[in-house]
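Below: one structure, written as structure tokens.
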């Protein structure tokens with residue numbers, strides 16, 4: 001995620017109709033462009049990784065989002081061990097409370113350091129309540145898997161009752177478990193919800209009185225992605241799958257770096273048994289004055305194994321990014337001394353062994369023990385996120401030598417710093433180019449006008465130099481990091497225009513991803529975001545549909561589409577790029593019209609014959625301020641067929657629209 005805000009200043013869809021397509025009525029009204037689509041082989045391939053996904057645990061993207069756990073602070077390891085928990089009929093500060101009392105006590109576990117000790121004095125009056133992540137979303141008739149570690153200490157507590165309650169306190173589903181013995185054991189049960197409720201709570205009560213220890217109180221929907229117990233939220237992964245991503249970059253972003261080195265993301269703490277994963281505070285919890293989230297932690301239930309598994313599920317190359325030994329330079333900028341860098345480098349080489357190593361290796365065996373004997377076949381690894389200056393370059397050299405010394409075929413992704421230009425950017429590119437790096441990660445967040453004007457950004461990049469990973473970008477409708485930024489059509493249209501320049505320069509640009517990916521409607525810190533969700537449902541933004549149209553129509557080979565012999569890069573508000581797809585045997589032309597008038601694109605085709613009909617997919621709105629929402633998605637792609645005019649693709653591109661034209665090669 002971007003930290004520009006520390007240093008830089010703030011920078012209804014129509015249904016397809018005759019007026020949108022190539023028909024006689026529209027031809028007279030629209031400005032006409034004579035285009036040439038040349039299908040001759042350019043020798044430039046569209047990389048399978050061209051359009052991918054960037055994931056970071058911001059906006060409650062993991063805990064409270066993609067990771068389907070519904071109980072907040074399930075193991076009582078937050079800084080306040082009872083954060084998220086309430087005792088409505090008890091005063092937690094009065095040990096002699098008549099109904100009962102719960103307090104966190106120290107455990108001898110090296111990671112899971114606390115238990116909850118509950119003293120039940122009145123089993124009719126004492127309850128525990130968990131508030132979930134801004135509530136718990138439950139759906140009528142769905143099943144929810146409950147688990148708890150419990151150990152009776154004294155007394156006669158015979159049952160623990162788990163109940164969902166709605167916003168009014170009514171019970172909307174319940175189940176029980178029967179604890180026995182003084183040693184911690186895991187107990188499981190299921191709750192069937194009787195009502196759909198977005199803001200449910202979990203209420204826990206007891207039968208009998210006495211003292212009982214509790215830990216790892218957990219609830220997951222049974223209907224997770226691929227039905228995996230303790231897995232991922234189904235609707236959110238489905239939206240990722242539907243993007244047809246070429247790669248998945250994880251776990252960030254600035255979250256990789258941490259505000260301090262101690263708070264950096266350490267992948268080894270995110271694998272193995274879930275209960276053995278060490279929780280840390282999320283770096284975005286108090287980063288923004290406008291959206292503090294002191295209850296934002298990382299449990300790492302969604303860890304590196306799950307990231308690799310999800311990459312495999314959605315058909316994306318995994319692209320993990322690791323700390324290079326420098327904390328976020330917009331925060332502390334803490335650096336590990338060069339003489340103490342070995343553990344960081346070891347983490348990188350061990351990660352490759354975890355992903356790709358044989359089951360006979362230490363980390364390959366752990367992967368196998370977790371359920372995946374076959375290697376994940378990782379090809380990329382990122383070293384650092386948005387670091388800059390000589391300190392980063394010095395550390396990158398050491399990482400590169402160690403990684404390629406052991407794994408010469410791994411492609412290392414380096415970074416050009418946090419800005420798309422300026423002193424840090426120029427220095428980074430100069431020094432990294434000297435080192436012969438393969439890929440440089442660039443980040444840019446800016447206005448819609450900047451994105452439209454930057455469609456030619458890569459036209460003059462060195463074709464023999466490092467390749468580009470446009471790793472984080474998004475239009476900021478108001479200002480960088482402003483809470484008033486919107487996922488409106490103006491921004492999405494500008495991004496579509498900019499992306500024509502990415503595709504047209506596929507010889508240089510090999511990977512691209514919008515950022516951030518997810519945002520909880522009640523728990524966000526940063527806007528805009530690609531996918532918004534609440535506890536029950538999610539919706540796709542116009543920006544999402546732009547990404548989807550590119551990701552589902554990437555093609556395999558770049559071809560030329562020109563006007564007057566020149567690339568179409570914004571003349572009269574028109575942007576265009578074209579590819580052929582050797583697998584589907586079709587030509588795909590992407591055209592963006594940012595002007596307020598329809599424009600007729602009369603494309604003569606050279607180099608191959610085409611079918612007599614084609615498809616056109618249109619994404620548009622006559623209102624640049626329009627947005628999608630939980631209630632409706634007015635801006636969605638609409639598909640129709642059209643007829644070719646002989647060997648000419650003759651279509652009218654509506655005002656303020658993005659169209660994808662697809663025709664089979666004859």
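None of the figures in this text is laboratory data; all of them are computed from the coordinates on show. The structure presented is a predicted model; accordingly, all values stated were derived computationally and were not measured. Note that each Cβ is placed from the backbone with ideal geometry, even for glycine, and that neighbours are counted across all protein chains shown.
Looking at the stretch 457-582 from every direction and averaging, what is the projected area of its Cα convex hull in nm²?
The directionally averaged projection comes out at 9.5 nm².
Once you put a point 7 Å from the Cα of residue 36 and another 7 Å from the Cα of residue 98, both along the Cβ direction, what distance in nm separates them?
My value for the distance between the label points is 9.3 nm.
Using alpha carbon coordinates only, what is the Rg to Rh ratio of the stretch 288-383, with Rh defined as the Kirkwood radius?
1.05
Taking R0 as 60 Å, what FRET efficiency do you get between residue 633 and residue 156 from their Cβ-Cβ distance, rounded to the nearest 0.05?
0.65
Working out 0.36 nm times the residue gap between residue 478 and residue 312, then minus their Cα-Cα distance, what length gain in nm do you get to one decimal?
Length gained, residue 478 through residue 312: 56.1 nm.
Give me the three principal axis extents of the chain from the C-alpha atoms, as integers in angstrom, largest value leading.
88, 60, 47
Using the Kirkwood radius over Cα pairs, work out the Stokes-Einstein diffusion coefficient for the stretch 154-246 at 37 °C and 0.692 mPa s, in µm²/s as a whole number.
210 µm²/s
I need 324, 254 ordered by Cβ neighbour count within 10 Å, fewest first.
The most exposed by this proxy come first: 254, 324.
Full-extension gain between residue 342 and residue 459, please, as 0.36 nm times their residue separation minus the C-alpha to C-alpha distance.
Result for the pair: 38.2 nm of gain on full extension.
Give me 175, 512, 286 ranked fewest to most by other Cβ atoms within 10 Å of their Cβ, as a rough exposure proxy.
If I rank by nearby Cβ atoms, fewest first, I get 286, 175, 512.
Based on alpha-carbon positions alone, could you give the equivalent ellipsoid semi-axes of the stretch 503-546 from the gyration tensor, as √(5λ), descending, whole Å?
Largest first, the stretch 503-546 gives 27, 11, 7 Å.
Please arrange 524, 450 by how many other C-beta atoms lie within 10 Å of their C-beta, fewest to most.
450, 524
What fraction of the Cα pairs in the stretch 242-307, stated in percent, has a spacing above 21 angstrom?
Tail of P(r) above 21 Å: 31 percent of Cα pairs.
Once R0 is set to 35 Å, what does the formula 1/(1 + (r/R0)^6) return for the Cβ-Cβ distance between residue 86 and residue 406, expressed as a FRET efficiency to the nearest 0.05?
0.10
Compute the Cα gyration tensor for the stretch 85-221, then decide on rounded, prolate or oblate, letting a ≥ b ≥ c be the square roots of its eigenvalues: rounded whenever a/c is under 1.5, prolate when a/b is larger than b/c in the other cases, and oblate in all that remain.
Prolate, because a/c is 1.5 or more and a/b exceeds b/c.
Translational diffusion coefficient of the stretch 403-479 at 37 °C, 0.692 mPa s, Stokes-Einstein with Kirkwood Rh over Cα pairs, in µm²/s as a whole number.
239 µm²/s
Would you please give the FRET efficiency between residue 625 and residue 571, computed as 1/(1 + (r/R0)^6) with r the Cβ-Cβ distance and R0 = 22 Å, to the nearest 0.05?
0.30
Could you work out how much longer the chain between residue 423 and residue 241 gets when fully extended? Use 0.36 nm per residue separation minus the Cα distance between them, nm to one decimal.
Roughly 61.7 nm would be gained on extension.
Taking only Cα atoms of the stretch 380-539, what ratio of Rg to Rh do you get with Rh as the Kirkwood inverse-distance radius?
Expressed as Rg/Rh, it is 1.01.
Each label point is 7 Å from the Cα along the Cα-to-Cβ direction; what then is the distance between the points at residue 379 and residue 536, in nm?
Placing both labels 7 Å beyond Cα along the Cβ direction yields 4.3 nm.
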